[in-house]
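Values quoted throughout were computed directly from the atomic coordinates according to the rules given, and no laboratory measurement underlies them. Because the structure is a prediction, the values reported are computed rather than measured. Using ideal geometry, Cβ is built from the backbone for each residue, glycine included, and neighbour counts are taken over all protein chains shown.
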Ligand code: PLP
């Protein structure tokens, strides 16, 4: 099986699994318990956060909260920040590019909580239009949310340009969904107020997430209970998850340069290969993150292509459909002005740090076979 759906999830590294098992066996204590074992667990939790701070160069500016994944982190951050700012700055800015774990929160805040939601325009290269963002900004804006790397197309957003725009608006909190960025591109987090991460996207475990937030005074807790994790995420801390997540972050950051070099090389090789096929379009902009390549075969539906590849043992993905006024067309591609026929026919190939040259070679062979199978249908 050739696995090229790493943007959906990745295979956990054995060291991460081992660390999870080991901590479950030997350090199953509650970090909040007052006895010696509990104090030991508390110490390990503290150490885990120190290590994240150091490996991500956070310079002790942020609070680190362990969550069950980025969906939870995004929900906690976006709702919590919006609620805290309700009286003073109730406008929120986002874009249609965001993952549903952001967009659905945005819609909820607008429709059920009365916040004023504004969408920043998207340019044809898939980046948000920073000039439009400037024109939307005012002292009423309490929250701006923008992903680092898009999960459908791979485009990298100009986070530092956004930081610069927001400097004139101290009330505006900048939240970044960095799920698809960690371990693939080098991130500059200067000026970012909070960010979400998800372990299973970088060879950690499913159910491992982080919310990293600068100032906890700016966020209203949405999970109430025993007051763990600075009162933001009550519930017994999952220490085995926390420790093994640190392991996966350290592994990921330790191999970042090597991984990004390898991914860039494989990306170029796949792009050069695809360019030879008449009727096949590469939708991902050239300067996208290297692990994601979005491609269309107009005339053949994405699901049909995914099935065809799957039959040959290659796992890729359709461009996940989301709610759109135009049926099931993906909003990310729509926003970039990709024609409808290409959107319906789009697939996502996503590589990971463990993808090999042999995997890519096999993918190319299968691609040729699938192309032959569907060639007559191409528009
Ligand atoms: N944000 C982005 C950009 C994603 O790609 C995903 C996962 O698909 C998520 C958030 C949600 O992450 P999780 O599966 O950890 O909830």
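Please report the equivalent ellipsoid semi-axes of region 109-155, computed as sqrt(5 x eigenvalue) of the Cα gyration tensor, largest first, in whole Å.
22, 15, 9
State, as an integer percentage, the relative contact order of the chain based on alpha-carbon contacts under 8 Å between residues 6 or more apart.
Details: 733 pairs, mean separation 86.6, N = 379.
Averaging sequence separation for qualifying contacts and normalising by length gives 23 percent for the chain.
The orientation-averaged shadow of the Cα convex hull for region 30-90, equal to a quarter of the hull surface, comes to 6.0 nm².
Quick one: order 311, 250 by neighbouring beta-carbon count within 10 Å, fewest to most.
With the sparsest Cβ surroundings first, the list reads 311, 250.
The Cα trace of region 1-109 gives Rg and Dmax of 18.5, 54 Å, the first to one decimal, the second as a whole number.
One quarter of the convex hull surface built on the alpha carbon atoms of region 142-217 amounts to 5.4 nm², the projected area averaged over directions. A straight line joining the Cα centroids of region 272-296 and region 13-83 runs 38 Å. Working from the Cα coordinates of region 215-331, the gyration tensor eigenvalues give, after taking √(5λ), semi-axes of 39, 22, 15 Å in decreasing order. Across region 333-367, the residues whose backbone nitrogen lies under 17 Å from the label position 7 Å along the beta-carbon direction of residue 124 are 333-343. For region 12-249, what is the percent of antiparallel DSSP beta bridges, rounded to the nearest 5? Around 45 percent antiparallel, to the nearest 5. Per Stokes-Einstein, at 20 °C and 1.002 mPa s, what whole-number D in µm² s⁻¹ belongs to the chain, with the Kirkwood radius over Cα pairs as the hydrodynamic radius? Result for D is 99 µm²/s.
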